[in-house]
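**Q** Sharing a structure here in structure tokens format.
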Amino acid sequence: MLLLRCPLPLLLLLLPLGSRPQKLPTRDEELFQMQIRDKAFFHDSSVIPDGAEISSYLFRDTPKRYFFVVEEDNTPLAVTVTPCDAPLEWKLSVQELPEEASGEGSGDPEPLEQQKQQITNEEGTELFSYKGNDVEYFVSSSSPSGLYQLDLLSTEKDTHFKVYATTTPESDQPYPELPYDPRIDVTSLGRTTVTLAWKPSPTASLLQQPIQYCIVINKEHNFKSLCAVEAKLSSDDAFMMAPKPGLDFSPFDFAHFGFPADSNSGKERGFLKSSKFGRQTSPKPRVDLHRVCIGNKNIFTVSDLKPDTQYYFDMFAVNTNTNMSTAYVGTFARTKEEAKQKTVELKDGKVTDVFIKRKGAKFLRFAPVSSHQKVTFSVHSCLDAVQIQVRRDGKLLLSQSVEGVRQFQLRGKAKAKYLIRLKGSKKGASMLKILATTRPNKQSFPSLPEDTRIKAFDKLRTCSSVTVAWLGTQERNKFCIYKREVDDNYNEEQKKREQNQCLGPDTRKKSEKVLCKYFHSQNIQKAVTTETIRGLQPGKSYLLDVYVIGHGGHSVKYQSKLVKTRKFC
């Protein structure tokens, strides 16, 4: 069995001055389970308890040593070391127990001093060593009695790690067992989904222990332990993120770094500022890593992934009784590309109608036949805003959101080819008109003011007429106004559904037409026109629309206006 003792000089720091030598519990004592549950019992100790996993912290290039005693020969022994966020170098060695060693605290400090001298002077026999970031094991069915030393070192950076040791490996089995084939299979692959399947852990299927599976998804690499995942999720190399004394490492760590090993050292958050060991670091950006635990299912579909992107998938079986985990063999997969879309060719000076599905995209190509100094793109979004990107020979020139009518003028280049990507709205399908031209005077869409609302004058309302006004521009355009009677329960939501700005006057009934007129003003501040619509019925609601028609015959509709005549005059 493991006899948990404190035979080292550094462990003397844990003993109150003037006290008898500390007697730590063995597996045969009744208090052991209670003390195992009290993790703080071992956090300040360099003793490894029998049958419990401990978590601790290493400073870079600062070795740490743990001890345990095996009292009887031919004792089974298993030691597991789990690196978290950095590779570790670790070594397990054994030396003979001093003759004075026993399982009872003698009360006489002299034998302890003699043990200290013998342990310090003897190197011990190396049993096993490892360097890397894998979860590695030392297992022996028959180990000699002696004092065992576990030495750990991190040469890359400060890091967390976990250690588990037991003299009853056959009965303990705290880590879930892997199936004979521990690989994760990719059973289905889509543009935004990946379906994974794996064989269940025998710990769940045969031993009937509570096991849940946790999946980890990221774009960087596979993980070899759940501890490494947790470290990545909270990654920050700042020294101030090191554990507080009294919780995760012993006062010896502070003494070694030149700090006093008193009880107040952990309360002073500013003690690092005056030390040469303090480091000024800025927090790392949040990592793109996701973890989801799915119970005891052994098939799962990961959704909401990006097309044509490589993802790494890891699976961990977690024993919910012990909270200890085992990693399956991770895998990776690349989601499928977005379906190749047909590219629409744009002709110089010709308006093209485009329909885009909800969240969809369309690609257009413009290849001027002659050399040109400038190229103009005019876009008329009929419904919600759309996103436009323009690339010239692969180089991004423009990325904008377009609502209503927008015009973009870009510098030209001989024999250049332009690729236009249009992305639709998340709310619903999108419709738009687009025109590309190398002739700056070729403008099919009329110019619009920034404000395309129609204003109604409430004081000028009568039982048979309403008066409205709207803004114009410095360019002379034709304006046509239309009216349509609607029900009294007609609301803004219905009006919004009919706000297709690309539908022109040709879609309206002749009886709905009020009038057409030309209008402009060189003074943009005075570019306002008013109109009184007569012949209406008392107490009725009407929807008014104003269309502005450009020189090329294409029209743009202003925002519709709901008005109501007075019921009594």
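The values are calculated or read from the model by the stated rules, or taken from the named source; none is laboratory data. Remember, predicted model here, so these are calculated numbers, not experimental data. Cβ sites come from the backbone with ideal geometry, for glycine too, and all protein chains shown count toward neighbours. Just the protein is used for accessible areas: all its heavy atoms, side chains included, with ligands, DNA and RNA removed. Shrake-Rupley method; radii C 1.70, N 1.55, O 1.52, S 1.80 Å.
**Q** List the number of the failed condition for S370; all other conditions in (1) of a type in the set (S, T, N, Q); (2) surrounded by 13 or more Cβ atoms within 10 Å (Cβ to Cβ); (3) touching a residue at least 40 places away in the same chain (Cβ under 8 Å) hold.
**A** That leaves (2) as the condition not met.
**Q** Sticking with this structure for a sec: Starting from residues that are open to solvent by less than 100 Å² (accessible area, probe 1.4 Å) and either modelled with pLDDT of 80 or more or touching a His at 6+ places or on another chain (Cβ under 8 Å) (or both), keep the ones in the range 491-509 and report whichever is nearest to L432 (Cα to Cα).
**A** Applying the first criterion (open to solvent by less than 100 Å² (accessible area, probe 1.4 Å)) to the range 491-509 yields 491, 494-495, 498-505, 507-508.
Then drop every residue that is not either modelled with pLDDT of 80 or more or touching a His at 6+ places or on another chain (Cβ under 8 Å) (or both), which leaves 501-505, 507-508.
Working: Q501: 9, C502: 7, L503: 11, G504: 13, P505: 17, T507: 17, R508: 20 Å.
The qualifying residue nearest to L432 (Cα to Cα) is C502.
**Q** Considering only the range 561-568, I want to know if a residue exists there that is without any contact (Cβ under 8 Å) to a residue 60 or more places away in the chain, in contact with a Gly (Cβ under 7 Å, 6 or more places away or on another chain) and not polar (S, T, N, Q).
**A** no
**Q** Here's another thing I want to ask about it. Identify all residues within the range 508-540 that are within 19 Å of P446 (Cα to Cα) and of a type in the set (V, I, T); write none if there are none.
**A** Those that are within 19 Å of P446 (Cα to Cα) and of a type in the set (V, I, T): I524, V528, T529.
**Q** I would also like to ask the following. I want to confirm something. Restricting to the range 124-160 and keeping residues that are open to solvent by less than 20 Å² (accessible area, probe 1.4 Å) and of a type in the set (A, V, I, L, M, F, W, C), which single residue is nearest to T75 (Cα to Cα)?
**A** The extreme case among them is L147.
**Q** On to the next question. From K433, K423, K459, grab the single residue that is more than 17 Å from V344 (Cβ to Cβ) and of a type outside the set (F, W, Y).
**A** Numbers: K433 fails: more than 17 Å from V344 (Cβ to Cβ); K423 fails: more than 17 Å from V344 (Cβ to Cβ).
Of K433, K423, K459, the one residue that is more than 17 Å from V344 (Cβ to Cβ) and of a type outside the set (F, W, Y) is K459.
**Q** Please work out which residue is surrounded by the fewest Cβ atoms within 10 Å (Cβ to Cβ), limiting yourself to the range 393-419 and to residues that are among the hydrophobic types (A, V, I, L, M, F, W, C) and more than 29 Å from L383 (Cα to Cα). It would help to see each step written out before you state the result.
**A** Taking the range 393-419 and keeping what is among the hydrophobic types (A, V, I, L, M, F, W, C), we get 396-398, 402, 405, 408, 410, 414, 416, 419.
Within this subset, residues satisfying the condition of being more than 29 Å from L383 (Cα to Cα) are 414, 416.
On the way: A414: 9, A416: 17.
Among those that are among the hydrophobic types (A, V, I, L, M, F, W, C) and more than 29 Å from L383 (Cα to Cα), it is A414.
**Q** Quickly run through the range 267-310 and pick out the residues that are modelled with pLDDT under 50 and acidic (D, E). Write out each step before concluding.
**A** Restricting attention to the range 267-310, the residues satisfying the condition of being modelled with pLDDT under 50 are 267-283.
Across the range 267-310, the qualifying residue is only E268.
**Q** Output the residues belonging to the range 420-431 that are crowded, with 22+ Cβ neighbours inside 10 Å, at pLDDT below 90 and in a strand (DSSP E or B).
**A** Residue satisfying the conditions is S430 alone.
**Q** Would you pick out the residues in the range 161-171 that are under 12 Å from E53 (Cα atoms) and open to solvent by 20 Å² or more (accessible area, probe 1.4 Å)? Working first, answer last.
**A** Residues of the range 161-171 that are under 12 Å from E53 (Cα atoms), as a first pass: 161-166.
Within the range 161-171, just K162 meets the criteria.
**Q** Take the range 441-469 and flag every residue that is in contact with a strand residue (DSSP E or B) (Cβ under 6 Å, 6 or more places away or on another chain) and assigned to a loop (DSSP other than H, G, I, E, B). Please lay out each step first, then the result.
**A** Filtering the range 441-469 for residues in contact with a strand residue (DSSP E or B) (Cβ under 6 Å, 6 or more places away or on another chain) gives 444-446, 448-449, 451, 454-457, 460, 465-469.
Answer for the range 441-469, where residues must be in contact with a strand residue (DSSP E or B) (Cβ under 6 Å, 6 or more places away or on another chain) and assigned to a loop (DSSP other than H, G, I, E, B): S444, F445, P446, L448, P449, D451, I454, F457, S465.
**Q** From (1) outside the structural domain of K459 (by the TED database); (2) open to solvent by less than 90 Å² (accessible area, probe 1.4 Å), pick out the condition that doesn't hold for C569.
**A** Unmet for C569, out of (1) outside the structural domain of K459 (by the TED database); (2) open to solvent by less than 90 Å² (accessible area, probe 1.4 Å): (2).
**Q** Further question: Could you check the range 439-473 and list, in sequence order, the residues that are open to solvent by 80 Å² or more (accessible area, probe 1.4 Å), more than 50 Å from the chain's Cα centre (by Cα) and in contact (Cβ under 8 Å) with a residue 12 or more places away in the chain?
**A** The one that is open to solvent by 80 Å² or more (accessible area, probe 1.4 Å), more than 50 Å from the chain's Cα centre (by Cα) and in contact (Cβ under 8 Å) with a residue 12 or more places away in the chain: L460.
**Q** For the range 135-172, name all the residues that are of a type in the set (S, T, N, Q), in a strand (DSSP E or B) and either in the same structural domain as L207 (by the TED database) or more than 19 Å from F67 (Cβ to Cβ) (or both).
**A** Going through the range 135-172, the residues of a type in the set (S, T, N, Q) turn out to be 140-143, 145, 149, 154-155, 159, 166-168, 171.
Now restrict to residues that are in a strand (DSSP E or B): 140-143, 149, 159, 166.
Answer for the range 135-172, where residues must be of a type in the set (S, T, N, Q), in a strand (DSSP E or B) and either in the same structural domain as L207 (by the TED database) or more than 19 Å from F67 (Cβ to Cβ) (or both): S141, S142, T159.
**Q** Is there any pair with a first residue in the range 530-553 that is open to solvent by 40 Å² or more (accessible area, probe 1.4 Å) and a second that is β-branched (V, I, T) and outside any strand (DSSP E or B) whose Cβ atoms are under 8 Å apart and which are 6 or more apart or on different chains, and what are they?
**A** Hits for this filter: Q537/T565; P538/T565; K540/T565; G552/V351.
**Q** Take D314 and decide whether it is modelled with pLDDT of 90 or more, acidic (D, E) and open to solvent by less than 60 Å² (accessible area, probe 1.4 Å). Show your work before the answer.
**A** Working: modelled with pLDDT of 90 or more: yes; acidic (D, E): yes; open to solvent by less than 60 Å² (accessible area, probe 1.4 Å): yes.
Yes, satisfied.
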